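Q: Please read through the structure below; I'll follow up with questions.
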Amino acid sequence: MGLFKSKAQKEQERKMLVKQSMKELEKRIVKLKAQESKYVEAAKIAMREELPDQIKLAEEALRMTISERKRTYKMLLNAQIISQMKDMTSMTNEFLKAIHVISKDIANGTTADMSKLTGELRIAMDRVAEQTEQLGDMLEDSQESVSDFSTDSSLVSDDEVKSMIYGTSTAGAPATAPTSDKSIDDQLKELEKML
């Protein structure tokens, strides 16, 4: 193997790296969904066993996991969109190269409408500039969203967490474990009603 890689080899490696990164993000999303299910189950067990501190812990862990899953989805979508925009820019560049070759062939010919060809070339160049600007904007937006990635789970509402655990909105779910004044039978009946 040579010391230097061709442009095509470098592009192929870039595409493989992008695909590998996207697959890793997809795997992370699957793992986070499984983790969410475990936290939901932990909250239900803590509720059944009347462990208010563990209920709060499971709810907070669920909130953080949901938040991380949403951030991971954002990263995956950004990577997909940016990759598609890069491919569009490459395709447009190939088109411009073809136009350039055609314009040289026409210039060598005797009957050529150079003003029409020049107009088409300008339109193509404007499109490339527009796509390049859009790609730059997308990269800036994705960098801003990456810098916003924190462990702040306030992006996930209490209602969303409670609905995952209890299957209802906050109004139908208890804020903490059932009070010890009620009998276990009454507590079970309430839980059955909620489900």
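The values are calculated or read from the model by the stated rules, or taken from the named source; none is laboratory data. Since the structure is predicted, the reported quantities are computational estimates derived from the model, not experimental observations. Note that we place each Cβ from the backbone using ideal geometry, even for glycine, and neighbour counts take in every protein chain shown. Note: accessible area is taken over every heavy atom of the protein model, side chains too, but ligands, DNA and RNA are not part of it. Shrake-Rupley method; radii C 1.70, N 1.55, O 1.52, S 1.80 Å.
Q: Which pairs turn up if I take residues in the stretch 56-74 that are in contact (Cβ under 8 Å) with a residue 24 or more places away in the chain and basic (K, R) and look for partners that are open to solvent by 10 Å² or more (accessible area, probe 1.4 Å) and not in a helix (DSSP H, G or I) with beta carbon separation below 6 Å, at least 6 apart in sequence or on another chain?
A: Hits for this filter: R63/S153; R71/F149.
Q: Separate question: Which residues, counting only those in the stretch 133-171, are assigned to a helix (DSSP H, G or I), at pLDDT 70 or above and among the hydroxyl-bearing types (S, T, Y)?
A: Those that are assigned to a helix (DSSP H, G or I), at pLDDT 70 or above and among the hydroxyl-bearing types (S, T, Y): S163, Y166.
Q: Let me ask you something else. So, in the stretch 32-51, exactly how many residues are touching a helix residue (DSSP H, G or I) at 6+ places or on another chain (Cβ under 6 Å) and of a type in the set (S, T, Y)?
A: 1
Q: Could you tell me whether the stretch 90-103 includes any residue that is under 21 Å from E24 (Cβ atoms) and out of contact with any helix residue (DSSP H, G or I) (no Cβ under 7 Å at 6 or more places or on another chain)?
A: Kept after step one, since they are under 21 Å from E24 (Cβ atoms), are these residues of the stretch 90-103: none.
Checked against the condition, which is being under 21 Å from E24 (Cβ atoms) and out of contact with any helix residue (DSSP H, G or I) (no Cβ under 7 Å at 6 or more places or on another chain), the stretch 90-103 yields no hits at all.
Q: A further question on this structure: Which of (1) loosely packed, with under 12 Cβ neighbours inside 10 Å; (2) modelled with pLDDT under 90; (3) assigned to a helix (DSSP H, G or I) is the odd one out, the single condition F4 does not satisfy?
A: It fails just one condition, (3).
Q: Under the condition of being among the polar types (S, T, N, Q), modelled with pLDDT under 75 and part of a helix (DSSP H, G or I), which residue from the stretch 76-110 is farthest from V18 (Cα to Cα)? Show your work before the answer.
A: Of the stretch 76-110, the ones among the polar types (S, T, N, Q) are 78, 80, 83-84, 89-90, 92-93, 103, 108, 110.
Filter once more, keeping what is modelled with pLDDT under 75: 103, 108, 110.
Still in the list and also part of a helix (DSSP H, G or I): 103, 108.
Working: S103: 35, N108: 42 Å.
Ranking the candidates gives N108 first.
Q: Taking the stretch 54-107, which residues are open to solvent by 70 Å² or more (accessible area, probe 1.4 Å) and under 22 Å from K10 (Cα atoms)?
A: Q84, M88, M91, E94, F95, K97
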